[in-house]
Structure formats: structure tokens, C-alpha cells
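Before anything else, here's the structure in question.
The values are calculated or read from the model by the stated rules, or taken from the named source; none is laboratory data. These numbers come from a predicted model, not from an experiment. Note: ideal-geometry Cβ built from the backbone for every residue, glycine included; neighbour counts use all protein chains shown.
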Amino acid sequence: MILSCHNISKSFLEIPVLQNITFHMEDNEKAALVGINGAGKTTLLRIIVGELGSDEGQVVLAKGKTLGYLPQNAGINSSLTIYEELLSVKKELIDLEQNIRALEKEMKSASGDGLEEMMKRYVDLTHRFENGDGYAYQSEVVGVLKGLGFEEVDFSREISTLSGGQRTRVALGKLLLLKPDLIILDEPTNHLDMNSITWLETYLLNYKGAVLIVSHDRFFLDRIAKKVIEIDQTKATTFMGNYSDYAVKKEMLRIAAWNAYVNQQREIKHQEEVIEKLRSFNREKSIKRAESREKMLDKIEVIDKPTEIRTDMHLTLTPARESGNDVLDVTGLSKSYDSLELFKDVSFQIKKGEHVAIIGDNGTGKSTILKIINDMVPADNGQIRLGSNVEIGYYDQDHNVLHNEKTLFEEISDEYPHMTNTEIRNVLAAFLFTGDDVFKRISELSGGEKGRVSLAKLMLGNANFLILDEPTNHLDIQSKEILETALNNYKGTVLYVSHDRYFINKTATRILDLTGQKLLNYIGNYDYYLEKKEAVEAASLSLTEKVTEKAAPSETKLDWKSQKEEQAKIRKRENDLKKCEEEIATLEALQKELEETMALPENATNSVKLQELAQKQTDTQSRLEELYALWETLA
């Protein structure tokens, strides 16, 4: 056992935040600490690492073990470069290496007993250097920096020139290189792009130490955690398994706890009514019986009311009217900032009802594409065409749709003057703003609170085409799940940028990966993207090489026969694509026809006919899946 927390309690202004928190961690164990915003997760981490004292209880780190902690928004102030800052972690190895080199020079001119002593010392130093993996420390530093999203051109940048998020990444890199026996991470993925998060997952999975993580990234927790410690209503409960296992078990326990609470409350109410009735008889025997029941009632250990699922936050997104089938057509879109070219000649279409996620590394221009579509940023080249009856609802991760000088109430009432005070309060209450909260100014709100206000405005807009820029940022897990449910029930069209892979997996029907200044198309969710990523990227690279070869003048031109063969291949692919699209259209029409036939009253009681139709439907769907995959390859 590397860490033991026993009966940890902490209150602020006499309000309990943590009560009797008890759990332990074994060597090399990977665990997650979860709970709603404000549950006390960060408070517990600060107590564990010694930054904050507990009111009661004890934290024990095993003797001789080391601990490393990355708080949220960890900053590093330094005059060193990024590379020098991480290299400073290896100072002991660097000093050893310098001593070895100095000793080698001395040995060249030494002899006799002096040389023998030097040889012994040399063997000792080189042994320590090898045990510390000294020959690989520089490549290890480079590997960590690249894994966390720094390019080689960034290595020489001074820490003082970095943003807060970049400084946090440097702090994370230093912590990983220190290799403590227990790593404690508070929201480590907040400033990482998808590739960096994937790299960190692999690094932590293979880490030869224990890891305790606080994170709202459920995909990240699913991959790493083998144990989940939940803080709920100041208490801690331990669940074995990853986040998905925890979610299933938690729901079962929640239902059981709620039923037990409701049953006990019903029994208490019944007993109180019986006692009141007995007392009303005003006879000695009935009064004694009432007193006896009161004593029994006093001995009952009353069950605390369980935490309810946030049913008070209802997000209903209903389009005011339907759009046409063609919602968005983007052609030849390009955007650069000075010498930085974000993307070039990007084209894509979105049809009614699609839920499309744009993914890609930080800085590739994902949010810029959304802003161009919303006419907030001009494109260098290209054309944006919206379909008929398309009405956009936009969610901005920077919350530029909000006015800092207004109160929450004014933010809604000014936008929707037809709403009554009661209606406005009800909407804000649905997003957890009650009482005097509605008179807070937007400038006073946290990032998560601003996100909820923006979602409230989005809900009232009744748009049929939602464009969302990082909608899950700053939302806790329960709020994310509510948003997921709302989007999955939404009958309109959705285009969004997100790095939340779990959210993408739950809500996307198509993914556009912005990589290498172009978009790669995947007809499926995030699991499908992971499955097809290598094949699609290889096919894209092959096509690019062919186009480049064709465009570049070659010294030995293709002979007439080769040109004809190449043209024939292109025509065949175009024909195959056309045939594929035609067959898809035919089979989709057939599927609709089969559904309508099965719904006919005369077929409802004909089991043989229904079985025959169902088999046709299964065969048709199977063929459609094959055609969708073929279309994606050909297109």
C-alpha cells in the first residue's frame, strides 16, 4: 500500500465539505477521484499533498515513497527555455555525466594505484549513470515534450513567453520526468489536444507507479482508471473498475438508495399518523401505545436523502421549423494569419439531421471554421452556402454572445422581451440559477456558469442548425450527460468542435478530422474514427502523392499507354462511385418501403410475412453498411 487516507474531515465556515473520507491505494494502482463540481475533490487532493490541513483524520504515504502533484492551472515562472526547464529534472544524471567525462580525462595521465582507484570510481559512476537510464535521458525529455504537443521549434522558447496552458503542460512534463512513486493529477487534460491526451493515456498506463486522477474526461478515465473513488454529499465510496463500470454500479446504487429513502419516509409518515391518531383518543392505553411507538421511531436511523440526478437542469432543444435537406455547403475554404496557413481549399457538405464533429490538434483552425460559417471571421477564399429555412444557433466557447455588464436576468429579458419575469426565472432555474443568482452580473460568473447561461440562450432560440464551439468545456460530468441526451433527442442539425472524446462518441454521426490543412471524413462516431483512422489517412496520403506526381513535371513523361491506363482508372473510380451512390439511394428507399409495409394492418398479425420482411430488412441493412464503407473509400 502506497497511500492511506483514514477518516479525513474538513469544514469551511462550519459547513462540512469532507466527512470521514477513507480509502487507500496500492503500488502501481491507477485510480480516479470523481464527484460533481464543488464536491471537494481538489480540497481532498490538497490535504493529501500537505497544502491544506484536515480537521480530522490522517494521510499516510508509505515510508520511502515519493509523491508528485499537478494542480489545475499549475504555473511555472522561469527564465529558462522549455527544453532547459525539463532538462533541469535530470540534473543528477547531467552532473554524473560531467564527472564521468572529467574522470576519463584524468585517467589518461594516471598510473599505478591512482589509476586503480580512478577505475573503481569510474565503474561506480557509470553503473549509477546506467541505472538512471543516463544514455537515454535527452531522448526521454524530447519524447515527453513532443508527446505533450510541443514542436522542436518550441523547445528554445522561454517559459516567460508561454501562455498559462503551455506553462501547465511544462509543469506536467517535469512531473512525468521526475517519476515519483505516486502521481496526483488535477484535470491534466484541460490544456492538451487529442493527440497529447492519447499520448498521456499510454504513458500513464505503462507508468511503473501509482496514479490518482481528477478529471471530467470520461474517455480518459475509462482507459486509465481501474478504481473509482467517488465523493458524494461529503462521503467517499470506492468502486472497482473503470468509469463506465462505476456509472452502471452508481446508477443501480442510486435507485436502491432512493427506494430505501422513499420507503423509510413513507413508513415514518405512517407511524407519525398512527401516533397522532392514538393520542387523539386521549385514553391512558392509547397514549401509552403512542409513546411506545414514538420511542421506536426515535431509534430509527434516518436515511439521508440521496443525491438526485440533475433533473432540475432540463435542456430541451426544439427547432421552430424544419430546414431543407441541404443545410450547409462549404466550398474551397482557406484561411491564413500572416505566414500561418491554417487550412486550404477545404470543402464539405452537411445534410439535415446530421451531428457532425470537427476534431484536430490545437491551433489547426477548427473554431475558425465555425466563426467563418457564422460570419464572425472573414475567409481568405471559399464560399459558404446555407440551405433553405436554415436558422443557426451558435454556442461560443469564449461566450462572446454574452454581455459582461448585464445581469443574468437582463441577458435573457433583453434578448427575449416577450417573456414574463416568471418565464425567465423558470428558464434560469432549469440551468441551476435560482433566487438572487439571477441578479449576478455575467462578469462575475465562472466559466462553467457562463457556459450554462449560453446554453440557456441557445435553448430559447429554437434554431434548426446548432453550431457549438467546445460545448462541454467547464461542464461537470452530469451536465455533460444532460447535454448529450438533449442533442441525441434533437431533430435538427448539429456541427460542433470538441476535444471531449466521450461526448463525441455519444453524439456524433460523422467526424471531420482537420489535419494537414484539410478535412478527412469519417461516417461514424469516435470509436469508428479510431478504427478507420490509419486506413483513411493512408488513402488520403496516397491520393495526395498521386496528385502531386501528376501536377509536377517529370523528366520522363508517362507514355501514351500509361496515360490511358491512368485515365481509365480515374473513370472507373468515378463510375464505381456513381453506381455506389445509386445503389445506396435505391436500398435506402427500399428500407423505407419495407418499414411502411411492415406497419400495414393486414401484415400486423401475419407472422410469416413479418418474418420475411424482417429478413429482407436485415439483408438490406447489411448491404447498406458495406456500401457506406465503399462510398467512404471511393469518395
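Residues are listed down the side, and each one gets a yes or a no for (1) surrounded by fewer than 20 Cβ atoms within 10 Å (Cβ to Cβ); (2) touching a strand residue (DSSP E or B) at 6+ places or on another chain (Cβ under 8 Å); (3) at pLDDT 80 or above:
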| position | (1), (2), (3) |
| --- | --- |
| TYR394 | no, yes, yes |
| HIS418 | yes, no, yes |
| GLU423 | yes, no, yes |
| LEU460 | yes, no, no |
| ASN473 | yes, no, no |
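Follow-up. What are the pairs with Cβ atoms under 9 angstrom where one residue, in region 372-388, is among the basic types (Lys, Arg) and the other, located anywhere, is surrounded by fewer than 17 Cβ atoms within 10 Å (Cβ to Cβ)? Sequence gap at least six, or different chains.
Filtered contacts from region 372-388: ARG385/ASP326; ARG385/ASP329; ARG385/THR331.
Test LEU455 against the criterion of being under 24 Å from the mean Cα position of the chain (by Cα) and more than 27 Å from LYS351 (Cα to Cα), and give yes or no.
The answer is no for LEU455.
Does ALA604 satisfy the criteria of being outside the structural domain of GLY524 (by TED's automatic domain parsing), more than 24 Å from THR509 (Cβ to Cβ), surrounded by 11 or more Cβ atoms within 10 Å (Cβ to Cβ) and modelled with pLDDT under 75?
Yes: the conditions hold for ALA604.
Which condition from (1) surrounded by fewer than 18 Cβ atoms within 10 Å (Cβ to Cβ); (2) touching a Lys or Arg at 6+ places or on another chain (Cβ under 8 Å); (3) among the hydroxyl-bearing types (Ser, Thr, Tyr) is the one that SER9 breaks?
The failed condition is (2).
I want to confirm something. Restricting to region 279-304 and keeping residues that are at negative phi and not in a helix (DSSP H, G or I), which single residue is farthest from the chain's Cα centre (by Cα)?
ARG283
So, one more: Across region 25-65, what is the number of residues that are touching a strand residue (DSSP E or B) at 6+ places or on another chain (Cβ under 9 Å) and either polar (S, T, N, Q) or over 29 Å from LYS480 (Cα atoms) (or both)?
Count: 20.
I've got another one for you. Any idea how many residues of region 453-483 are free of Cβ contacts under 8 Å to residues at least 40 places away in the same chain and either basic (Lys, Arg) or assigned to a helix (DSSP H, G or I) (or both)?
Looking only at that region, the number is 1.
Condition check: at pLDDT 90 or above, crowded, with 18+ Cβ neighbours inside 10 Å and touching a Pro at 6+ places or on another chain (Cβ under 9 Å). Does LEU70 satisfy that?
It is true that LEU70 is at pLDDT 90 or above, crowded, with 18+ Cβ neighbours inside 10 Å and touching a Pro at 6+ places or on another chain (Cβ under 9 Å).
Here is a follow-up. Of the residues GLU470, GLU415, which single one is closer than 30 Å to GLU230 by Cα and out of contact with any Phe, Trp or Tyr (no Cβ under 6 Å at 6 or more places or on another chain)?
Result of the check over GLU470, GLU415: GLU470.
Further question: Output the number of residues of region 425-435 satisfying the condition of being surrounded by fewer than 16 Cβ atoms within 10 Å (Cβ to Cβ) and part of a helix (DSSP H, G or I).
Count: 2.
Does at least one position in region 317-331 carry a residue that is over 16 Å from PHE465 (Cα atoms), surrounded by 14 or more Cβ atoms within 10 Å (Cβ to Cβ) and not acidic (Asp, Glu)?
yes
Looking at (1) at positive phi; (2) crowded, with 17+ Cβ neighbours inside 10 Å, which is the only condition GLY353 fails?
Evaluating GLY353 over (1) at positive phi; (2) crowded, with 17+ Cβ neighbours inside 10 Å leaves (2) as the failure.
Return the pair list, or none, for Cβ contacts closer than 7 Å from residues in region 497-510 that are β-branched (Val, Ile, Thr) to residues that are in a helix (DSSP H, G or I), at least 6 apart or on different chains.
So the pair list comes out as VAL497/LYS366; VAL497/SER367; VAL497/LEU370; ILE504/TYR526; THR507/GLU484; THR507/LEU487; THR507/ASN488.
A follow-up question, please. Being over 14 Å from the mean Cα position of the chain (by Cα) and part of a helix (DSSP H, G or I) is the filter; apply it to region 203-218 and report the residue that is surrounded by the most Cβ atoms within 10 Å (Cβ to Cβ).
Looking at the filtered set, the residue picked out is LEU204.
Can you give me the number of residues within region 436-452 that are modelled with pLDDT of 85 or more and assigned to a helix (DSSP H, G or I)?
So the count comes out to 7.
Return yes or no: is GLU276 of a type in the set (Asp, Glu), over 30 Å from GLU230 (Cα atoms), part of a helix (DSSP H, G or I) and touching a residue at least 24 places away in the same chain (Cβ under 8 Å)?
Against the criterion (of a type in the set (Asp, Glu), over 30 Å from GLU230 (Cα atoms), part of a helix (DSSP H, G or I) and touching a residue at least 24 places away in the same chain (Cβ under 8 Å)), GLU276 does not qualify.
Does ILE412 satisfy the criteria of being aliphatic (A, V, I, L, M) and closer than 23 Å to THR331 by Cα?
No.
Name the residue, out of GLY57, GLY75, GLY35, GLY40, that is farther than 20 Å from GLU230 by Cβ and of a type outside the set (Lys, Arg).
Within the list GLY57, GLY75, GLY35, GLY40, the selection yields GLY75.
Yes/no matrix, rows are residues, columns are (1) surrounded by 13 or more Cβ atoms within 10 Å (Cβ to Cβ); (2) farther than 30 Å from GLU531 by Cβ; (3) modelled with pLDDT under 65; (4) not acidic (Asp, Glu):
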site: ALA552; (1), (2), (3), (4): no, yes, yes, yes
site: SER562; (1), (2), (3), (4): no, yes, yes, yes
site: CYS580; (1), (2), (3), (4): yes, no, no, yes
site: LEU590; (1), (2), (3), (4): yes, no, no, yes
site: THR597; (1), (2), (3), (4): yes, yes, no, yes
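When you check VAL377 against the structure, is it crowded, with 16+ Cβ neighbours inside 10 Å and more than 25 Å from the chain's Cα centre (by Cα), yes or no?
Answer is no for this residue.
Something else: For region 104-152, what are the residues that are assigned to a loop (DSSP other than H, G, I, E, B) and modelled with pLDDT under 85?
SER109, ALA110, SER111, GLY132, ASP133 - these are the residues of region 104-152 that are assigned to a loop (DSSP other than H, G, I, E, B) and modelled with pLDDT under 85.
Are any of the residues in region 165-173 crowded, with 19+ Cβ neighbours inside 10 Å, in a strand (DSSP E or B) and not hydrophobic (A, V, I, L, M, F, W, C)?
No - not one qualifying residue is present in region 165-173.
Output the number of residues of region 240-279 satisfying the condition of being within 30 Å of ARG501 (Cβ to Cβ) and of a type outside the set (Val, Ile, Thr).
14
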